[in-house]
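Inspection log for the structure reproduced underneath, given as structure tokens.
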Amino acid sequence: MKSILATATVLLSGFALLTEAHISFRYPCPRRGAYFDCPQPGPGEWELVDYNIRSPLGTHGGITNPMCKWPSSFAGDRPVYQAGETVDAKMDIGAYHKGGSCQWALSYNNGSTWVVFQDKFRTCMSDASNGIIYTLPFTIPADAPSGKAVLNLIWNNNEGNREMYSSCADVVIQGTNGGSLSGVEPLLANYGPSSPLIPEISAAGGNWGEAFFKARKPITVSVPKQSQSKRHLTRRLNKA
Ligand SMILES: *[C@@H]1O[C@H](CO)[C@@H](O)[C@H](O)[C@H]1NC(C)=O
């Protein structure tokens, strides 16, 4: 009896790990994550804290959350990044699922349109392990316009349930004052039954969805010129 109970406990904790704890940004701060050094909920906002911030947005079977998981951050400072800067993002990894494919996207219009500016196919976080903080650098495009932006890391896992993740951080970009940013629209795979299906990489003879990624449509977004001086602009913008 004792050993049956012990086995059941191990199975339950293993199950919890696989179903609740996958990946999220740790730095920059993900929207509404329960991290002590990130923007904290204001009065009446405690029920908005996401204690399961590392869970996916959905699977190929069904959608659980919209892009980014949450529509906004709690009020607080936003990190300021320079165009062309390489940032060592930190990922909070519960279960790394043998890595997968990453797409980094920026939105200057609160998530209405996204421009993918960096990819890492198949091997994104594949040398991670479960239960660690993992460094995952990204580089802001050198021609990125200045302004408030949402940074989105979209991830499809190699192994396990066919899932899609999206971890978003509200940031400020300092680059050209007014301009445009070009890239491709994100591929939203394994996100509801009508989305493209990327199979488990091992079960599919190495098929990681290359054709879907190649078919992404080009997109250019324009960001209007700001009249304020850059200094003033940044001070004003870096509050969420
Ligand atoms: C962004 O859009 C969401 C709804 O999708 C809204 O709740 C939020 O207030 C918006 N944020 C800004 C800064 O407009």
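The values are calculated or read from the model by the stated rules, or taken from the named source; none is laboratory data. Bear in mind the structure is a predicted one, so any value in this text is a computation, not a measurement. Note that we place each Cβ from the backbone using ideal geometry, even for glycine, and neighbour counts take in every protein chain shown.
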Picked from region 62-78 (must be polar (S, T, N, Q) and in contact with a Gly (Cβ under 8 Å, 6 or more places away or on another chain)), the residue farthest from GLY192 (Cα to Cα) is ASN65
Is it true that ALA128 is more than 16 Å from the ligand (Cβ to nearest atom) and over 22 Å from HIS22 (Cα atoms)? no
Condition test on HIS97, is it out of contact with any Ser or Thr (no Cβ under 7 Å at 6 or more places or on another chain), away from the ligand (no atom under 16 Å from the Cβ) and of a type outside the set (S, T, N, Q)? yes
For region 97-119, give me each residue that is of a type outside the set (A, V, I, L, M, F, W, C) and crowded, with 23+ Cβ neighbours inside 10 Å. HIS97, GLY100, SER101, GLN103, TYR108
Looking only at region 54-71, how many residues end up being hydrophobic (A, V, I, L, M, F, W, C), away from the ligand (no atom under 12 Å from the Cβ) and under 10 Å from TYR165 (Cα atoms)? 1
For residues that are without any contact (Cβ under 8 Å) to a residue 60 or more places away in the chain and either touching a helix residue (DSSP H, G or I) at 6+ places or on another chain (Cβ under 8 Å) or under 18 Å from VAL150 (Cα atoms) (or both), tally how many sit in region 190-219. 1
Report yes if ASN109 is more than 15 Å from the chain's Cα centre (by Cα) and within 16 Å of the ligand (Cβ to nearest atom), otherwise no. yes
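Among the residues of region 176-184, is there at least one that is polar (S, T, N, Q), without any contact (Cβ under 8 Å) to a residue 60 or more places away in the chain and under 20 Å from ARG32 (Cα atoms)?
Scanning region 176-184, I find no residue that is polar (S, T, N, Q), without any contact (Cβ under 8 Å) to a residue 60 or more places away in the chain and under 20 Å from ARG32 (Cα atoms), so the answer is no.
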Working only within region 140-171, note down all residues that are buried (at least 21 other Cβ atoms within 10 Å of the Cβ), farther than 30 Å from ALA204 by Cα and within 18 Å of the chain's Cα centre (by Cα). ILE140, ALA149, VAL150, LEU151, ALA169, ASP170, VAL171
What's the number of the condition TRP114 fails, among (1) on the phi < 0 side of the Ramachandran plot; (2) at pLDDT below 95? (2)
For region 190-204: of the residues being surrounded by fewer than 16 Cβ atoms within 10 Å (Cβ to Cβ) and not small (Gly, Ala, Ser), which is farthest from GLY61 (Cα to Cα)? PRO199
